[in-house]
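The values are calculated or read from the model by the stated rules, or taken from the named source; none is laboratory data. Not measured: the values here are computed from a predicted model. Please note: Cβ atoms are built from the backbone with ideal geometry, for glycine as well, and neighbour counts cover all protein chains shown.
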Amino acid sequence: MVAVATRLVERAEEIFTDLGYTVSGSGPEFRAERKWRVVQVLALEDAEDIPESGDLRCFVAPEERASALKEALLDRTPEYDWALISVEDGGDGYDVLHPAADSIAEEGPVSNDGIATRP
């Protein structure tokens, strides 16, 4: 796995904590839990680091890499539900990127915390 900037990992943890999740683990991959939902969060900068398996995943990437990572995820069509958080460089802002709208419609609604869910 390629080294990920510490600031990106810290922002990922901050975002999930602010959303009311309990964060456990350290490093670029950690677990975020809220109510019944458990999300594996991975801060990454390179599409080569996209996992092959999982259940519910959220990727956190720098703004300049987010579009390429979204396209890589769409091309790979992983079996797990996913979302991608694009973090602004040097700021506190972020955007949540989802699979294409038709992919979400096929898989189910999007929850209030921005993760596509299956019916």
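If I filter the range 3-24 down to residues being charged (D, E, K, R) and exposed (fewer than 14 other Cβ atoms within 10 Å of the Cβ), which single residue comes out as farthest from GLN40 (Cα to Cα)? Spell out how you get there, then give the answer.
Within the range 3-24, the first condition is being charged (D, E, K, R), and the residues that meet it are 7, 10-11, 13-14, 18.
Checking which are exposed (fewer than 14 other Cβ atoms within 10 Å of the Cβ) leaves us with 7, 10, 18.
Working: ARG7: 18, GLU10: 15, ASP18: 16 Å.
It comes out as ARG7.
Looking across the range 36-66 at every residue that is free of Cβ contacts under 8 Å to residues at least 24 places away in the same chain and not in a strand (DSSP E or B), the one that is farthest from the chain's Cα centre (by Cα) is identified as TRP36. Restricting attention to the range 67-80, the residues that are in a loop (DSSP other than H, G, I, E, B) and either surrounded by 13 or more Cβ atoms within 10 Å (Cβ to Cβ) or among the basic types (Lys, Arg) (or both) add up to 2. TRP36 falls short on exactly one of the conditions (1) touching a strand residue (DSSP E or B) at 6+ places or on another chain (Cβ under 7 Å); (2) more than 14 Å from ALA83 (Cα to Cα), and that condition is (1). A count restricted to the range 31-44 and to residues that are surrounded by 19 or more Cβ atoms within 10 Å (Cβ to Cβ) and either aromatic (Phe, Trp, Tyr) or over 14 Å from TYR94 (Cβ atoms) (or both) stands at 4.
Please determine, by comparing only the residues of the range 80-96 that are more than 17 Å from ASP18 (Cβ to Cβ) and at pLDDT below 90, which one is nearest to the chain's Cα centre (by Cα). The qualifying residue nearest to the chain's Cα centre (by Cα) is ASP89.
When we screen THR17, THR6 for residues that are without any contact (Cβ under 8 Å) to a residue 24 or more places away in the chain, polar (S, T, N, Q) and in contact with a strand residue (DSSP E or B) (Cβ under 9 Å, 6 or more places away or on another chain), the only hit is THR17.
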